Amino acid sequence: MSPRPGYVLEVDRSTPPVLFWNGEGYLLEKLPPERSRVIYPPDPLHPLEDPIAKIRHALDHPMGDSQPLETLLHPDMRLTIAFDDVSLPLPAMQAPDARQLVIEQVLEMAAEAGVEDVVLLAALSLHRRMTEAELRHALGNRVYNAFEPHGLLLQHDAEDPDGLILLGTTDHGEEVEINRRAATSDLLVYVNINLVPMDGGHKSVATGLASYRSVRHHHNAHTMTHSRSFMDMDHSELHSANWRMGRFIRESGVKVFQIETTLNTNAFPSQFSFLQRREWEWTPRDRAGFFASSKALALMGDRTRRTLFHSIKAPMQLTSVQAGEVEAVHQSTLTNVFDQQLVHVDGQTDILTMGLPYISPYNVNSIMNPILVACLGLGYLFNMYRGKPLVREGGVVIMRHPTPWAFNTTHHPSYIDFFEEVLADTTDPVQISKYEEAYATDPWYIQLYRTGHAYHGVHPFYMWYWCAHALEHLSSVIVIGGDRRAVKRLGFRPASTLDDALEMAEDSVGSQPTITHIRVPPLMMAEVS
Amino acid sequence: MKGLLFERNIPRIAASRVMSKLTHSGKGVAIGPLRLTDIDEPVLPGPHWVRVKPILAGICGSDLSLLDGKGSRYYESMVSFPFVPGHEVVGTVEERGTDGNVVQKRVVVEPVLTCVTRGIDPPCPACAAGDTGQCSGITTGHLHPGLMTGYCADTGGGWSTAGLVAHETQIHTVPNTMDDTDAVMVEPVACAIHAALSVPTEPETLVGVIGSGTLGLTVVAALREFTATGRIVAAAKYPHQRQLAMQLGADAAPGPDGFAREIRRTRHSTVVGKSLPAGADVIFDCVGSQATLEQALSVLRPGGRAVLVGMGYRTAVDLAPLWHRELAIQGSYTYGTETLHGKRVRTFDLAIDLASRLELGRLVSAAYPLERYEDAVEHAAGAGSRGAVKIVFDLQRKIGHGSSQHA
């Protein structure tokens, strides 16, 4: 039987309360009947029955004009295998990770071909360096032990002047500067996990292996307000810029063999299965699980709760693998992503509600600080649409999250300064750009990025640029249950309860507004007609 | 007449020290050596002395240190017991008017007991140069030892309705346009001006001020008004302190946790250990604790200077960064004569001008009658957390009885 597609539930008086994530916790909320609806993501797709065989098949039968990987490998070559970093997938998947499965096959083929000069390269872009544990999880112990001790497992350094190469400038004036090892290899194999439609394609190399000098051309407020949305490649300036750069990289002679994977949305293990299930289908066990876990979480301290949630490994499984020429591969990948995530929705809503979970791409094993709360809600979830935004222009987004005024000083040092200095001055994504260069070139942030586990100094700006489209589109953003000072610093309005938030929203959208709640995670993409 | 008398009672000093350590600053006053008692008017020590009837008298950080039993033994030979505390004083002196009638003239007292006040002639080199804060005669002459009025058995102090006696060189006329609350701020403002002018600053100079109580806030104001200092970063623990610091001229007023970050960010410095290779040029430590002094040393650039404005006492500080990064620590005590734009000017004259012009009486948060001295001291000790800055005694009951006036 095929997995069920997504579903839009019209809320009536008999509808049970709906689950809202609330950071490192969750609760049930009753939505106003007759004018509310809840969008549920499709059920997880069936996984590939024999993923290893599928991977081998994809490598042997590449898409586009690419030759089979086997024929591209020869003994004297320089081979670089780049892979997505810790920001994917979310949550981290149960071992073996998709990257491990693919890379092991690539390495096996390389060994069979007698390739000796092989380097593995984490495509960090401006993200933090991965820890040993994170690398071991992504690659598996066998691969890690074979490469890391010999200095053959590298992490891209976007600030290493010797490790970068300027390939040139696109006809739009965009400087294309990427990792030297990758660019000077005879073959660059890129291993991707495609969790959202924004990922993959030319963005993998053009962003993942690029320098700040290069990334700044598309990670800015202008690009974001001209991407409707950046999750929809055909209407995304972010993608247009990456595609220009990606083609420039190809024309510069960099040979890329792209391998993209998609996963199903089995985000939670069995003890948390109620988080995946529609509320009216909850079994007595699900209800017991919800109440018991809610009570237990309430008794825990913040640190314990955080540790618990970040230790969850998702039982996600591969649903597709495609390999070969970048653009052909990515078209196929998008089809598979949409098969899993797309939900058709009729019309827009006055108010969009969302419960934000404990994790976003940028706080794996870390604190979801206020900037990341804004980015997850307004950057990611608001933009998970094709066609039109789920919420009408001038509408309101209501998010639920504790939004603590708390930061991980190791991972997000520049976020603290950004929050205290930049957002205290302005929350306008265009205006904040006047601070960007100072943060991007700050030698201390650069040192922490290069030698510690810190996001690049400019990264919080990108998080705020991510929100630009939503901030322009909405009349108001309300956060339920957040630290009031932190919420106000973000330029949002704090509310204590959903009822209060809905009443506040009526100031902007009028009385008896329509409400749409997106029940994520797992992730979904709305096709709004 | 009533006054608060501080006696040399070792058990009570020890008890107040223990109590303030076990609870919090200001709590030890109830069992300490300070008591409210009947007091006679002090005797005029000589012909050039006048009686001053206090209107308002402030409670200073050094007073609190004394009442908490935390004062350094260094000062033991420089005070004489029993004494009436209170050296931040606005009061009145009697003066015969042109019509022959006695009139009350408002004055502020410059409390340092210099060679002139002690009848030492010729005066010490510091007094001769106008640098009276560095007077070397504070234990000699015809007065008992005493750093200043408020620590000397002969002069009385501001915390008394009996008043105090002051040498004519110690009194400064308060302009008619100046409020009593502005006037009671003159003495701490003079300390701040002296500190601010003790280090040369340029428009490129990055200055940090640790502590945003009375001293910190007035140092910010003095730096902004009398120096060319570029960026001033004031560490302010409480929201009202942040607001006042910004009003008085700070460019940024982060919380204590954000202070080092703000300094680092301003200079785009890296961090080596806990130190900033490109930190602040000057730090004014207006608290004077071990923690603040260590913080000062960690955020200074190599060759930078820390100015200890808050009262110093025995403490342990790692001097490795001082040695390795060639830092300097200098003290800043009271006032005297400053060099401003090439001219020598009495610090008190500058302070009267500044306190009046900036209406620094707004920092006076509450006034108490002497009878409520325990409440007053406790309020002063917890001023920051209670939204206050300066607490004063209202000797003539002109303001109110323990209610917040400006907080």
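Basic side chains Lys and Arg get +1 at the Cβ, acidic Asp and Glu get -1 at the Cβ, and with that the dipole of segment B:199-331 about its Cα centre reaches some 240 debye.
Taking the convex hull of the alpha carbon positions in chain A and averaging its projected area over all directions gives 22.8 nm². With Cα atoms defining each centre, segment A:254-331 and segment A:23-96 are spaced 12 Å apart in the structure. Extent of segment A:51-263 along its three principal axes (Cα atoms, max minus min coordinate, largest first): 46, 37, 33 Å. The GluC sites (Glu not before Pro) found in segment B:1-105 that occupy coil by DSSP, while having at most 16 further C-beta atoms within 10 Å, are B:GLU7. Stokes-Einstein diffusion of segment A:36-159 at 25 °C, 0.890 mPa s viscosity, Kirkwood radius from Cα pairs, rounded to a whole number: 151 µm²/s. No disulfide-compatible partner, judged by a Cβ distance under 4.7 Å, exists for the following cysteines of chain B: B:CYS60, B:CYS124, B:CYS135, B:CYS152, B:CYS191, B:CYS286. Assuming charge only on the beta carbon of Lys and Arg (+1) and of Asp and Glu (-1), the dipole of the protein assembly as shown about its Cα centre is about 2260 debye to the nearest 20.
Build a GNM of chain B with springs between Cα atoms under 10 Å apart, and of B:THR339, B:THR114, B:THR98 the one that fluctuates most is B:THR98. Annotation: amide H-H contacts under 5 Å for B:VAL209 (H modelled 1.01 Å from N, sequence separation of 5 or more, or interchain): B:VAL233, B:ALA234, B:ALA235, B:PHE284. Note on surface exposure: A:HIS226, A:HIS456, B:HIS172 rank A:HIS226, B:HIS172, A:HIS456 by accessible area, highest first, 1.4 Å probe.
Sequence-ordered 3J(HN,Hα) estimates for segment A:305-320 from the Karplus curve with 6.51, -1.76 and 1.60 and θ = phi - 60° stand at 4, 5, 4, 4, 5, 6, 7, 5, 10, 7, x, 5, 9, 5, 10, 6 Hz, glycine and proline given as x. Placing unit charges on each Cβ (+1 for Lys and Arg, -1 for Asp and Glu) gives the protein assembly as shown a dipole about its Cα centre, and among A:MET463, A:LEU188, B:VAL84 the Cα reaching farthest toward its positive end belongs to B:VAL84. Beta bridges assigned by DSSP with both partners in chain B are antiparallel in approximately 60 percent of cases. Working note: Karplus 6.51/-1.76/1.60 with θ = phi - 60° gives segment A:505-522 the couplings 5, 4, 4, 9, 10, x, 7, 6, x, 7, 10, 10, 10, 9, 8, 10, x, x Hz, where Gly and Pro are set to x.
Where does each of A:LYS54, A:LYS313, B:LYS274 land when they are ordered by accessible area, with a 1.4 Å probe and the largest first?
On the way: A:LYS54 105, A:LYS313 70, B:LYS274 175 Å².
Output order, biggest surface exposure first: B:LYS274, A:LYS54, A:LYS313.
Once Rg and the Kirkwood radius are both taken over the C-alpha atoms of segment B:1-122, their ratio Rg/Rh works out to 1.04.
In terms of distances greater than 24 angstrom between alpha carbons, the cross-link table entries B:LYS27/B:LYS53; B:LYS53/B:LYS390; A:LYS434/B:LYS237; B:LYS2/B:LYS390 yield B:LYS27/B:LYS53; A:LYS434/B:LYS237.
Exposure check, 1.4 Å probe, all protein chains in place: A:VAL364 carries approximately 20 Å² of accessible surface. The DSSP beta bridges internal to segment B:199-331 are antiparallel in roughly 5% of cases. Name the residue, out of B:ALA126, B:ALA57, B:ALA351, whose mean-square fluctuation peaks in a Gaussian network model built on chain B with Cα pairs under 10 Å. Highest fluctuation of the listed residues: B:ALA126. Solvent exposure of segment A:330-472 amounts to 27 Å² per residue of accessible area, where only protein heavy atoms count and the probe is 1.4 Å. For the protein assembly as shown, the alpha carbon positions stretch 112, 68, 50 Å along the principal axes, listed from largest to smallest. Placing unit charges on the Cβ atoms only, positive for Lys and Arg and negative for Asp and Glu, gives segment A:51-263 a dipole magnitude near 340 debye about its Cα centre.
So if we plug the beta-carbon distance of A:GLU108 and B:ARG314 into 1/(1 + (r/R0)^6) with R0 = 60 Å, what FRET efficiency do we get, rounded to 0.05?
So the FRET efficiency works out to roughly 0.30.
Here's how it looks for B:GLY331: its modeled amide H is under 5 Å from those of B:LEU308, which are all 5 or more places away or on a different chain. Where both bridge residues fall in the protein assembly as shown, DSSP classifies roughly 40% of the beta bridges as antiparallel.
Of B:ALA166, B:ALA234, B:ALA30, the residue with the greatest mean-square motion in the GNM of chain B, using alpha carbon springs below 10 Å, is B:ALA30.
Residues with beta-carbon under 9 Å from that of A:ALA138, excluding A:ALA138: net charge, scoring Lys, Arg +1 and Asp, Glu -1?
On the way: positive: A:ARG99, A:ARG136; negative: A:ASP84, A:ASP85, A:ASP97, A:GLU134.
The answer is -2.
The helix-based estimate of mean residue ellipticity at 222 nm for chain A, built from -39,500 (n - 2.57) per DSSP H run of four or more residues and divided by its residue count, is -9000 deg cm²/dmol to the nearest 500.
Among the protein heavy atoms, those of B:ARG242 account for about 70 Å² of accessible surface (1.4 Å probe, every chain in place). Loop-located GluC sites (Glu not before Pro) in segment A:1-68 (DSSP state other than H, G, I, E, B) with a sparse environment of at most 16 neighbouring Cβ atoms within 10 Å: A:GLU34, A:GLU49. Legend: residues A:HIS150, A:HIS310, sorted from most to least accessible area (1.4 Å probe; ligands, DNA and RNA excluded), read A:HIS150, A:HIS310. Under the combined filter of DSSP loop state and at most 12 neighbouring Cβ atoms within 10 Å, segment B:345-399 retains these trypsin sites (Lys or Arg not before Pro): B:ARG397, B:LYS398.
The values are calculated or read from the model by the stated rules, or taken from the named source; none is laboratory data. Model, not experiment: these values are computed from the prediction. We place every Cβ from the backbone using ideal geometry, glycine too, and count neighbours over all the protein chains shown. Only protein heavy atoms, including side chains, enter the accessible area calculation; ligands, DNA and RNA are left aside. Shrake-Rupley method; radii C 1.70, N 1.55, O 1.52, S 1.80 Å.
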